[in-house]
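Below is one structure, written out as structure tokens; the observations come after it.
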Amino acid sequence: MKKIFSPDTIRLIVPALSLTVLLIAVFYLQPRAMSYTGLNLLFNLAVPIALATIAQMLIMTVNDLDLSMGTFVSFVACVTATFLQASPLLGIVILLAAIATYAVIGVLIHLRDLPSIVVTLGMSFVWGGLAVLILPAPGGQAPEWIRAIMTSKPPIMPMAIVASILIAVFSHLLIMRSSFGVVLRGVGGNARSVERAGWSIIRARAAVYALAAFFAILAGIALVGLTTAADANIALRYTLLSIAGVILGGGEFVGGRVSPIGAVIGALTLTLAGSFLSFLRISPDWQIGAQGAILIIVLALRLLLNRFEARRTRR
Amino acid sequence: MTQAGSTQTVVSVSEAKVVFGAVKALDGVTLAIRSGECVGLVGHNGAGKSTIVNVINGGLSPHQGSVVYGEDPTLGHGISAARQSGIRCVFQELSLCPNLTVVENTRVMHKPLSGWGWRRRGADIIGRKLDEIFPGHGIDSGENVGNLSIAERQMVEIAITFCEIGHPVRLVILDEPTSSLDSRLASQLLAYVRRFVAAGGSVIFISHILSEILGIADRIIVMKDGRVVAERAASGFSEHSLIEAMGSVVKEHRAARVLTDKRTGPPALAAAPVHGRGLAFEAFPGEIVGFAGLGGHGQTDMLVKLYLSLSGDWFGRRDPAAMFVAGDRAVNGTFPLWSILKNMSVALLPDLSHRGLLDEAREQVLGRSWREKIEIRTPDMDNNILSLSGGNQQKVLFARALASRAPVVLMDDPMRGVDIGTKQEVYGILRTEADQGRTFIWYSTEMDEVCLCDRVYVFNNGAIVAELKGKAVTEENILAASFTEVAA
């Protein structure tokens, strides 16, 4: 056997391993978390983060970055808690328009060769402003159906785990296995040769952005389902959390190297890291720094394993 | 695929003109490719070969003139029209997606490969094609392309191009396909091209290795300065007349080298045998030492190791001990966003600066002098580096190394895709510099270049298996040594 692990396996093993280690540590600190309700409480906020991470991952597949993810999810949350609840038809129309806007942004970024960071940073103010216009003060109400889904109690596994697995499997099939996903990743790997093979890069970018908007909308709806009300600043943290989740899960900023399963695991790890630090009774002032430290340790571990593997194969 | 007549026209270009700014890339080119023939296309770097290729494959619309695919002038022009007419291209720079597997790359290149079970079907098709062209290739179709060597990537790209999924393959353009293949793989490819042509397909074959062109082509088109300057059957050309038509004069016979043993004093650099196998390496001041052997047998690793041993890990040295000329330009050679001048001067910034500030006048002078010295074809050194053709980009990388004061220059197959005229100039410069005491370590996949070296180390499977000196440096000896296994 020449290779024990391929680099791609390492990409997946490290996040899975760090999640396991964190989980064991949490169970050790707080054995009561080792139950149906405990797991649900630990992970239910991970569901919207996982969805936003998948959305960010899609954008990163084509070598772009979405800095408006947090405000966009907040905007969707506000729409969900108001329009989607009061007059569902109008709510759906607004959300469809948001998807179309994302597609247009993708086309614009491609046509004018603009840096996605700049465009999405600008858009973040637009989404943020719209969210404040819709809900100037925290409030609104979650639609019944999403409330019912998010608080349902499926047998064997809690909802949070079931939802995470569903998200991971669905996005894996879409991005990694389908022939459509291959082309999207090809755009990230070598856009020129994809274009030479007769594909339209504009269409691919528009598809990626629209799909990302779709996942981000699911994230916003799921979030409102958990919190029952919305606020214009409800998901601002999601921008950086989603980027960290993708990187933690084995993705890279450029080159179209992404892993949907890894991204979901990365989102779960980030959520769990917060709980872990609370259980350690670290003051909230230090929590963000400590979360950063966990991120650095995990990424260092990945580098180390990659290097070890490279040395082995050279023999 | 209809093959009724053997003289069907696959593509015809008439009076095509393409202008990039002030540069006339194509100045009225007319040519036609018929089915069942292999056309050789030669010319210097910047003669317009890549441009005509891009016009034929639809990536570039000529500013004047027309392109007609097949017999049907209503089909239009463009990438998808070209692909529908069965025109495919293997580009000089490797153009696969490194983050995808071999099968997934096949899918990207072939739109019709989709639907349930496309992975299995794709793996089957690409596996069979690889077996057909390169028997014994040992490439797993589930492997990520990023993990393959350059030669393997080239093999995969060629195989993908020849695959027939949905659209028939009628014309394949091969742009320098053998430059990263060793001689065994190259001959496998040439044999396949002959079989493909015999079965009614057509091939445009671009190469700087003239013997290869003369051996494979039915008809040869010579280009110069964006024009076709000669076109006749391959039998009507000899290596000498081809070079004449291209417009560069090459000394046919190398002057017999004066063999002086430079091995006096301490070596300029040395290395122990790799993992304790094979021979040790050393190089003395004023020597040109060649690395030979089949492609990918540890030559590049050795060069990198030597370079790292000579350069500081954390801080750059004021006096550079070694320079590295990269073979894979796009990966570790050029800075794609910088100008030609900045790309050249980046290694010399300490020499060009005064009290920590860059002396721009001196930088300009340096740029001008090297532009003339090695004839970089550009109207302005401040243009972007990517505005140059591949060979000219490589010249800039050469200038970067040669303009420095480093006593040792390491070269990782730097002549890939460089035209003969430039090669001859660089050979001359190398020899002069070596006579002044510089040491060159030169890995090359081309036998002619290896034979220019004073001393040659032959690699096999990661270790040095033989050392050849002076008159013993011949093609036969190197080939024989390449297949020697190292004694454990």
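The values are calculated or read from the model by the stated rules, or taken from the named source; none is laboratory data. Here the structure is a predicted model, which means the values were calculated and not measured. Because the Cβ atoms are built from the backbone with ideal geometry, glycine has one as well, and the counts that use them run over all protein chains shown.
A few points about this structure:
- Of note, A:Gly106 does not satisfy the criterion of being more than 20 Å from A:Ala207 (Cα to Cα) and in contact (Cβ under 8 Å) with a residue 60 or more places away in the chain.
- Spans of helices (runs of 4 or more DSSP H) in region A:1-119 with at least 2 residues of a type in the set (Phe, Trp, Tyr): A:7-29, A:36-43, A:69-81
- The requirement of being away from every other protein chain (no Cβ under 14 Å), in a loop (DSSP other than H, G, I, E, B), surrounded by fewer than 19 Cβ atoms within 10 Å (Cβ to Cβ) and β-branched (Val, Ile, Thr) is fulfilled somewhere in region A:219-230, by at least one residue.
- Inspection of region A:204-221 finds a residue satisfying the criterion of being within 30 Å of B:Gln154 (Cα to Cα) and more than 19 Å from the chain's Cα centre (by Cα).
- The single condition among (1) surrounded by fewer than 24 Cβ atoms within 10 Å (Cβ to Cβ); (2) at pLDDT below 85; (3) not hydroxyl-bearing (Ser, Thr, Tyr) that B:Gly65 does not meet is (2).
- Selection within region B:271-293 - of a type outside the set (A, V, I, L, M, F, W, C), outside any loop (DSSP other than H, G, I, E, B) and touching a residue at least 40 places away in the same chain (Cβ under 8 Å): B:His275, B:Gly290
- Whichever residue in region B:90-106 is at the interface with chain A (Cβ under 10 Å from one of its Cβ atoms) and among the hydrophobic types (A, V, I, L, M, F, W, C) and, among such residues, is farthest from the chain's Cα centre (by Cα): B:Val103
To keep it simple, each residue is scored yes or no on (1) more than 9 Å from chain A (Cβ to nearest Cβ); (2) outside any loop (DSSP other than H, G, I, E, B).
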residue: B:Thr51; (1), (2): yes, yes
residue: B:Asn54; (1), (2): yes, yes
residue: B:Ser80; (1), (2): no, yes
residue: B:Arg88; (1), (2): yes, yes
residue: B:Val108; (1), (2): no, yes
residue: B:Pro112; (1), (2): yes, no
residue: B:Trp116; (1), (2): yes, no
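- Check on B:Gln84, polar (S, T, N, Q) and at the interface with another protein chain (Cβ under 10 Å from one of its Cβ atoms): yes
- Residues of region B:17-70 that turn out to be at negative phi, touching a His at 6+ places or on another chain (Cβ under 7 Å) and not hydrophobic (A, V, I, L, M, F, W, C), as a count: 2
- Out of A:Ile296, A:Ile261, sole residue that is more than 14 Å from chain B (Cβ to nearest Cβ), touching a His at 6+ places or on another chain (Cβ under 8 Å) and surrounded by fewer than 23 Cβ atoms within 10 Å (Cβ to Cβ): A:Ile261
- 1 or more residues facing chain B (nearest Cβ under 8 Å): qualifying helices (runs of 4 or more DSSP H) within region A:144-200: A:179-196
- Flag if B:Asp140 is away from chain A (no Cβ under 11 Å) and closer than 14 Å to B:Val102 by Cβ: no
- Residue satisfying all of: in region B:154-207; at pLDDT 90 or above and basic (Lys, Arg); surrounded by the fewest Cβ atoms within 10 Å (Cβ to Cβ) among these: B:Arg195
- Annotation note: Cβ proximity below 7 Å between a residue of region B:98-125 that is surrounded by fewer than 17 Cβ atoms within 10 Å (Cβ to Cβ) and a residue that is in a loop (DSSP other than H, G, I, E, B) (sequence gap 6+ or interchain) occurs for B:Pro112/B:Ile165; B:Pro112/B:Gly166.
- Residue within region B:303-310 that is over 30 Å from B:Met155 (Cβ atoms) and surrounded by fewer than 20 Cβ atoms within 10 Å (Cβ to Cβ) present: yes
- Only a single criterion out of (1) in a loop (DSSP other than H, G, I, E, B); (2) among the small types (Gly, Ala, Ser); (3) buried (at least 24 other Cβ atoms within 10 Å of the Cβ) is not satisfied by A:Ala216, namely (1).
- Every condition in (1) touching a residue at least 24 places away in the same chain (Cβ under 8 Å); (2) of a type in the set (Gly, Ala, Ser); (3) surrounded by fewer than 20 Cβ atoms within 10 Å (Cβ to Cβ) holds for A:Ala86 except the one numbered (1).
- B:Phe20 fulfils the conditions (1) buried (at least 18 other Cβ atoms within 10 Å of the Cβ); (2) in contact (Cβ under 8 Å) with a residue 40 or more places away in the chain except for a single criterion, (1).
- Filter result for A:Gly250 (touching a helix residue (DSSP H, G or I) at 6+ places or on another chain (Cβ under 9 Å) and within 24 Å of A:Ser178 (Cα to Cα)): yes
- Test: A:Phe253 is within 14 Å of chain B (Cβ to nearest Cβ), modelled with pLDDT of 85 or more, surrounded by fewer than 18 Cβ atoms within 10 Å (Cβ to Cβ) and under 29 Å from A:Ile165 (Cβ atoms): yes
- Of the helices (runs of 4 or more DSSP H) that lie entirely inside region B:325-423, those containing 3 or more residues that are touching a residue at least 40 places away in the same chain (Cβ under 8 Å) span B:340-345, B:390-402.
- Positions within region A:192-213 being crowded, with 19+ Cβ neighbours inside 10 Å and touching a residue at least 60 places away in the same chain (Cβ under 8 Å), in sequence order: A:Ala204, A:Arg205, A:Ala206, A:Ala207, A:Val208, A:Tyr209, A:Ala210, A:Leu211, A:Ala212, A:Ala213
- Residues in region B:31-43 that are crowded, with 24+ Cβ neighbours inside 10 Å and either modelled with pLDDT under 85 or over 25 Å from the mean Cα position of the chain (by Cα) (or both): B:Gly43 only.
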